[in-house]
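Structure, as structure tokens:
The values are calculated or read from the model by the stated rules, or taken from the named source; none is laboratory data. If you're wondering where the values come from, they're calculated on a predicted model, not measured in any experiment. Here the Cβ positions follow ideal geometry from the backbone for every residue, glycine too, while neighbour counts run over all protein chains shown.
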């Protein structure tokens, strides 16, 4: 199994926009579901955005306005910077489930709700060893944005989903319902997908000011 401590903050920063997503109190997927899933290349990754300036020749503390993540073979962490410029390591629980599409199941233990969240993942670039170096991802939205709004401006939920907290998040009645929601989002995001990309391997000076 491969736990991939990534994306939780990146997805928030890259356009949740208050839209409700699929969650669960217990995980839909376990270690057995990770078998066969692609391997992400270890090193430093960023959430791609127009404001992110991640230059491979600079230490990560000089990468401005980027969602920065460290992926290693055995454990992975999200890197955050406080108001004083100190870097801190923040573990995130995550698992890639080998499905079609691939599902990223994440959980932030520091959140009050500590719910599991879900994204559809599409690898788009690989290195010479077959490891993923870029992928697109999409939040599993609750509402069917292809359906018309009602008189109050609301859209119906996708089939098999029901509100957990109306307007905030929803739950799937089955894995099939979750996967149908994932397939719909992959199709919808083809023109403007959110992206994560590998930048380079870790250097000793990257963590000169980091603390645990």
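Pull up the range 4-33, narrow it to residues that are crowded, with 18+ Cβ neighbours inside 10 Å and modelled with pLDDT of 80 or more, then point me to the one that is farthest from residue 162 (Cα to Cα).
At the first step, the residues of the range 4-33 found to be crowded, with 18+ Cβ neighbours inside 10 Å are 4-11, 14, 20-24, 28-29, 33.
The next check asks that each one be modelled with pLDDT of 80 or more; those that pass are 20-24, 28-29, 33.
Working: 20: 11, 21: 11, 22: 9, 23: 11, 24: 11, 28: 16, 29: 19, 33: 24 Å.
Filtering first and then ranking leaves 33.
Kindly indicate whether residue 164 is within 23 Å of the chain's Cα centre (by Cα), surrounded by 13 or more Cβ atoms within 10 Å (Cβ to Cβ) and free of Cβ contacts under 8 Å to residues at least 40 places away in the same chain. Working first, answer last.
Numbers: within 23 Å of the chain's Cα centre (by Cα): yes; surrounded by 13 or more Cβ atoms within 10 Å (Cβ to Cβ): yes; free of Cβ contacts under 8 Å to residues at least 40 places away in the same chain: no.
Taking the combined requirement at face value, the residue does not satisfy it.
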Does any residue of the range 178-187 turn out to be part of a helix (DSSP H, G or I), farther than 30 Å from residue 43 by Cβ, out of contact with any helix residue (DSSP H, G or I) (no Cβ under 6 Å at 6 or more places or on another chain) and at pLDDT below 90? yes
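Scan the range 115-128 residue by residue and report those that are in a loop (DSSP other than H, G, I, E, B) and without any contact (Cβ under 8 Å) to a residue 40 or more places away in the chain. I'd like the intermediate steps shown before the answer.
To start, the set of residues in the range 115-128 that are in a loop (DSSP other than H, G, I, E, B) comprises 115, 127-128.
128, the sole residue that qualifies.
Please go through the range 139-169 and give me each residue that is touching a helix residue (DSSP H, G or I) at 6+ places or on another chain (Cβ under 9 Å) and closer than 19 Å to residue 27 by Cβ, ordered by number. Talk me through it step by step, then tell me what you get.
Within the range 139-169, the subset touching a helix residue (DSSP H, G or I) at 6+ places or on another chain (Cβ under 9 Å) is 139-142, 144-146, 158-161.
Of everything in the range 139-169, those that are touching a helix residue (DSSP H, G or I) at 6+ places or on another chain (Cβ under 9 Å) and closer than 19 Å to residue 27 by Cβ turn out to be 139, 140, 142, 160, 161.
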Read through the list (1) within 18 Å of the chain's Cα centre (by Cα); (2) under 26 Å from residue 49 (Cα atoms); (3) touching a residue at least 24 places away in the same chain (Cβ under 8 Å), then give the number of the only condition that residue 179 fails. (2)
Residue selected from the range 99-123 under the condition modelled with pLDDT of 90 or more and more than 15 Å from the chain's Cα centre (by Cα), by the criterion surrounded by the most Cβ atoms within 10 Å (Cβ to Cβ): 99
Checking residue 94 against (1) in contact (Cβ under 8 Å) with a residue 40 or more places away in the chain; (2) under 17 Å from residue 175 (Cα atoms); (3) surrounded by 16 or more Cβ atoms within 10 Å (Cβ to Cβ), the condition it does not meet: (2)
Tally, over the range 39-68, of residues that are out of contact with any helix residue (DSSP H, G or I) (no Cβ under 6 Å at 6 or more places or on another chain), surrounded by 18 or more Cβ atoms within 10 Å (Cβ to Cβ) and modelled with pLDDT under 75: 2
